[in-house]
Amino acid sequence: MEMKPVTSSQIEAIGHDPQTNTLHIQFKGGNVYTYNNVTAQHHADMMNAESVGKHFHQHIKSNPGAHPYTKVKK
């Protein structure tokens, strides 16, 4: 999974697998989480947002029922 660095106070890098609709987020400090049911369009919208972190919190993290997550790494 290719992780792309982003400019954010909370997020270090983001990766997306369009085959499985899985979003990978590496937070500052090293924690990595995967979020399910994240489409390529969701990913593109987040990567193009004025604030990646704000977009993530409003559209992905705030809806854990639609986007269940798993902690992958500390």
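The values are calculated or read from the model by the stated rules, or taken from the named source; none is laboratory data. None of these values were measured; they are calculated from a predicted model. Positions of Cβ are backbone-derived with ideal geometry, glycine not excepted, and every protein chain shown enters the neighbour counts. Remember, those area values only see protein heavy atoms, side chains included, never the ligands or the DNA or RNA. Shrake-Rupley method; radii C 1.70, N 1.55, O 1.52, S 1.80 Å.
The set of residues in region 14-26 that are in a strand (DSSP E or B) and buried (at least 16 other Cβ atoms within 10 Å of the Cβ) comprises Ile14, Gly15, His16, Thr22, Leu23, His24, Ile25, Gln26.
Inside region 34-61, residues that are among the hydroxyl-bearing types (Ser, Thr, Tyr) and more than 12 Å from the chain's Cα centre (by Cα) make up a count of 1. Working only within region 1-26, note down all residues that are small (Gly, Ala, Ser) and touching a residue at least 24 places away in the same chain (Cβ under 8 Å). Matches in region 1-26: Ser8, Ser9. Which one is nearest to His67 (Cα to Cα), of the residues in region 27-49 that are crowded, with 18+ Cβ neighbours inside 10 Å, in contact (Cβ under 8 Å) with a residue 24 or more places away in the chain and of a type outside the set (Phe, Trp, Tyr)? In this case the residue turns out to be Val38. Just so you know, in region 53-65 the residues that are part of a helix (DSSP H, G or I) and open to solvent by 40 Å² or more (accessible area, probe 1.4 Å) include one that is nearest to Thr39 (Cα to Cα), and it is His59. As for region 66-73, it holds no residue that is outside any loop (DSSP other than H, G, I, E, B) and crowded, with 18+ Cβ neighbours inside 10 Å. For region 27-52, a residue qualifies if it is outside any helix (DSSP H, G or I) and among the polar types (S, T, N, Q), and the qualifying residues are Asn31, Thr34, Asn36, Asn37, Thr39, Asn48, Ser51.
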